[in-house]
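For reference, the structure is listed below as structure tokens.
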Amino acid sequence: VEAGMQFGEVPVGTAEGALLVHSLRLGKIALKKGRILSAADIADIAAAGIDEITVVRLEPGDVREDPAASRIAAAAAGIGIATAPAFTGRANLHAQTKGLLVFDRDRLDRLNLVDEAVTLGTLPPYAVVEPKQMVATVKIIPFAVPEDAVARCTEIAEAGGRLLRIASFRPLAVGMIQT
């Protein structure tokens, strides 16, 4: 967990506004991991007889996992690549056309070294891909990442053109001359 985030077990009565670390089922009520706990949620949890829960509190400058993953994926997606909406800290990138996945491996490595909380995984360079095939995914490991790490990753992903692109296959006219 990043230095800015506060992570740990707290008394239920003090957890309003924090992010729930583990999903909870309280009878017919299901509270999903990552939920920002409301006063009503706190009342439901207390009514279920739970005294302490594990939460994360973000600090100013922390970017939640889904917006962070979305920003980095959008910065990396070049020609022929579409991004899917982020969920649980993951944003997938898909080919829009048949072709080859092209990227600079050194730049990808630099992006992945910015912060241990951020990972961009891809298929191998020059992999043959089909439309709608997933070619890469951005994963934010904890619940949030510092803004400066997101900014550095997006800067690397955009520098000199988007990091990932599809070189589309295109039909060529050929002729054969036999003598």
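Does P142 qualify as being at negative phi, assigned to a loop (DSSP other than H, G, I, E, B), touching a helix residue (DSSP H, G or I) at 6+ places or on another chain (Cβ under 8 Å) and modelled with pLDDT under 95?
So P142 passes the test.
Does any residue of region 169-178 turn out to be over 28 Å from V63 (Cα atoms), open to solvent by 40 Å² or more (accessible area, probe 1.4 Å), of a type in the set (S, T, N, Q) and not in a strand (DSSP E or B)? Reasoning before the result, please.
Here is the first cut: in region 169-178, the residues over 28 Å from V63 (Cα atoms) are 169-178.
Then keep just the ones that are open to solvent by 40 Å² or more (accessible area, probe 1.4 Å); that gives 169-178.
With of a type in the set (S, T, N, Q) added as a condition, the list becomes 178.
Still in the list and also not in a strand (DSSP E or B): 178.
Yes - at least one qualifying residue is present in region 169-178.
Filter region 37-77 for residues that are open to solvent by less than 70 Å² (accessible area, probe 1.4 Å) and under 10 Å from the mean Cα position of the chain (by Cα) and give the result.
Matches in region 37-77: E65, D66, P67, A68, A69, S70, I72, A73.
Which number in (1) more than 14 Å from the chain's Cα centre (by Cα); (2) within 30 Å of V55 (Cβ to Cβ) marks the one condition that V118 misses?
(1)
Of the residues in region 78-93, how many are modelled with pLDDT of 95 or more and open to solvent by 50 Å² or more (accessible area, probe 1.4 Å)?
Matching residues across region 78-93 total 4.
Anything in region 143-162 that is under 20 Å from P85 (Cβ atoms) and open to solvent by less than 100 Å² (accessible area, probe 1.4 Å)? List them, or say none.
Of everything in region 143-162, those that are under 20 Å from P85 (Cβ atoms) and open to solvent by less than 100 Å² (accessible area, probe 1.4 Å) turn out to be F143, A144, V145, V150, C153, T154, A157.
Which one of these does L111 not meet: (1) without any contact (Cβ under 8 Å) to a residue 60 or more places away in the chain; (2) touching a helix residue (DSSP H, G or I) at 6+ places or on another chain (Cβ under 8 Å); (3) open to solvent by 50 Å² or more (accessible area, probe 1.4 Å)?
Unmet for L111, out of (1) without any contact (Cβ under 8 Å) to a residue 60 or more places away in the chain; (2) touching a helix residue (DSSP H, G or I) at 6+ places or on another chain (Cβ under 8 Å); (3) open to solvent by 50 Å² or more (accessible area, probe 1.4 Å): (3).
For G27, all conditions in the list (1) at positive phi; (2) in contact with a strand residue (DSSP E or B) (Cβ under 9 Å, 6 or more places away or on another chain) hold save one; what is the number of the exception?
(2)
Return a yes/no flag: does region 37-52 have any residue that is in contact (Cβ under 8 Å) with a residue 40 or more places away in the chain and part of a helix (DSSP H, G or I).
Checking region 37-52: not a single residue is in contact (Cβ under 8 Å) with a residue 40 or more places away in the chain and part of a helix (DSSP H, G or I).
Specify which of the listed residues (V135, V118) is surrounded by 15 or more Cβ atoms within 10 Å (Cβ to Cβ) and closer than 15 Å to G78 by Cα.
That would be V135, the only listed residue that is surrounded by 15 or more Cβ atoms within 10 Å (Cβ to Cβ) and closer than 15 Å to G78 by Cα.
Identify, please: which residue in region 121-132 is outside any loop (DSSP other than H, G, I, E, B) and without any contact (Cβ under 8 Å) to a residue 40 or more places away in the chain and is, among those, surrounded by the most Cβ atoms within 10 Å (Cβ to Cβ)?
V129
I'm trying to understand the selection: among the residues of region 15-36, which are open to solvent by 60 Å² or more (accessible area, probe 1.4 Å), in a loop (DSSP other than H, G, I, E, B) and either under 19 Å from P60 (Cα atoms) or at pLDDT 95 or above (or both)?
Answer for region 15-36, where residues must be open to solvent by 60 Å² or more (accessible area, probe 1.4 Å), in a loop (DSSP other than H, G, I, E, B) and either under 19 Å from P60 (Cα atoms) or at pLDDT 95 or above (or both): E16, R35.
In contact with a Leu (Cβ under 6 Å, 6 or more places away or on another chain) and at negative phi, is that true of A43?
no
Small (G, A, S), closer than 19 Å to A159 by Cβ and in contact with a Lys or Arg (Cβ under 8 Å, 6 or more places away or on another chain): which single residue out of A75, A18 fits that description?
Working: A18 fails: closer than 19 Å to A159 by Cβ.
Answer to the selection: A75.
The values are calculated or read from the model by the stated rules, or taken from the named source; none is laboratory data. As the structure is a prediction and not an experimental result, all values here were calculated from the model. In this analysis, Cβ positions are derived from the backbone assuming ideal geometry, glycine residues included, and neighbour counts consider all displayed protein chains. Only protein heavy atoms, including side chains, enter the accessible area calculation; ligands, DNA and RNA are left aside. Shrake-Rupley method; radii C 1.70, N 1.55, O 1.52, S 1.80 Å.
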